[in-house]
1. Pick from B:112, B:52, B:257 the residue whose mean-square fluctuation is largest in a GNM of chain B, springs joining Cα atoms under 10 Å.
2. Before anything else, pin down the relative contact order of the stretch B:151-251: Cα pairs under 8 Å, at least 6 apart, normalised by residue count, whole percent.
3. In debye to the nearest 20, how big a dipole does chain B give about its Cα centre with +1 on each Lys and Arg Cβ and -1 on each Asp and Glu Cβ?
4. Please give the FRET efficiency for residue A:49 paired with residue B:243, using the beta carbon to beta carbon distance and R0 = 35 Å, rounded to the nearest 0.05.
5. Please report, in cubic angstrom per residue, the volume enclosed by the convex hull of the alpha-carbon atoms of the stretch B:6-119.
6. Quick check on chain B: of the DSSP beta bridges with both residues there, what percent are antiparallel, nearest 5%?
7. Of the residues B:114, B:49, B:261, which exhibits the maximal mean-square fluctuation in a Gaussian network model of chain B defined by a 10 Å Cα contact cut-off?
8. Considering the Cα positions of the protein assembly as shown, please state its Rg to one decimal place and its Dmax as a whole number of Å.
Amino acid sequence: MSNLVAFLESLGADGRLDGLTGADYAAAVDQLDLPAPVREALRRRDVAALHALVADAPMMLVLVPGDETPDDEDDDGKDGDAPAA
Amino acid sequence: MARQGSLSCVGVGMVLGAHLAPRARSLIEQADVVFCVVSDPLVEQWLAGMNADVRSLQDCYAPGRPRLDTYREMQERVLAQVRAGRRVCLALYGHPGVFARMPHEAVAAARAEGHPAHMEPAISAEDCLYADLGIDPGRVGCQHHEATQLLLNQRRLDPSAWLVVWQVALAGDRRNLTRGTTPAHRALLVERLQRDYPRDHEVVVYEAATLAIAAPRIERLPLSALPEARLELQSTLVVPPAMPLRADPVMHARLAALEAGACAMHTVTAPL
């Protein structure tokens, strides 16, 4: 899949490529040495389909706790329990 | 003498290939080991092409596991390599220190143990939001709140400024688990927001693009429709101002008096 990553990197890095539309974009995708389903997902600009083809599971991306109550600092592994009424 | 380990926290930005700064890239390429938490499996593959030892921290997450446990494990894995005398790079999606608690704590812990540690700024989802939605936060102001923190605390919202609510899909998740909460939880968020905004006020569900082949998600809907809206972990709620700025006549008068006094003083002391 290194071709796929290289293609996406070039699209991200080069504003002219990012502006490719219609036939020019389809032609660029068709030139890639990639499995047909991956090319089809690229052609449709279908990120979900692309992820389904290249990843085993959805990725998590949450890096901050929802609340910073003092309980959060406990080391008992039960952070965020309901405060007493 | 053993080499001293170090820690660099970098952000790869939001869009693969578009946002990674040269300095951050060099830190990734020159590290002995790179740990990563990114938003897209293809971004992870992209990083793997920059360094021979890239280790994903995705396996620290688990269904039902409190996120605070996850963050502690991530930090411990990173610090273990720093203590072993290695140059460690921690690469995260977006900005490594915006809505990301673990990198700040990792830097502080590494420094406390005597290791050089620093954070590089990067392009965050917030930056993309301003560009994609055409918002200048300096125009009328912009408030940012984490959704659960907003629900659980008595915060003052200013409806004459923009409001951005992060992690809206996790609103009301008191146990900091990794799954999204329910429409009933989000109905409570709407109830809270209705103290300051009309029920039919137009809001925006926003998701930054992570690949250049896709557009950001910008979905406009009435506030009342939020509980049933499709929300992903990366969704952000953007609430436009609901009223114009209100002038403070007392402060206007005081500033006018101050300026008048300054003019008089200037007139008296000005050289001939």
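Laboratory data are not the source of any read-out in this text; all were calculated from the coordinates shown. From a predicted model like this one, the values you see are computed outputs, not experimental measurements. When we count neighbours, we look across all protein chains shown, and the Cβ atoms used for this are built from the backbone with ideal geometry, even at glycine.
1. Of B:112, B:52, B:257, the most mobile in the Gaussian network model is B:257.
2. Relative CO of the stretch B:151-251 lands at 39 percent.
3. Result for chain B is approximately 600 debye, rounded to the nearest 20.
4. Working from the Cβ atoms, E equals 0.25.
5. Given the Cα convex hull of the stretch B:6-119, per-residue volume reads 92 Å³.
6. 35 percent
7. Maximum among the listed residues: B:261.
8. Over the protein assembly as shown's Cα set, Rg and Dmax evaluate to 23.7, 84 Å.
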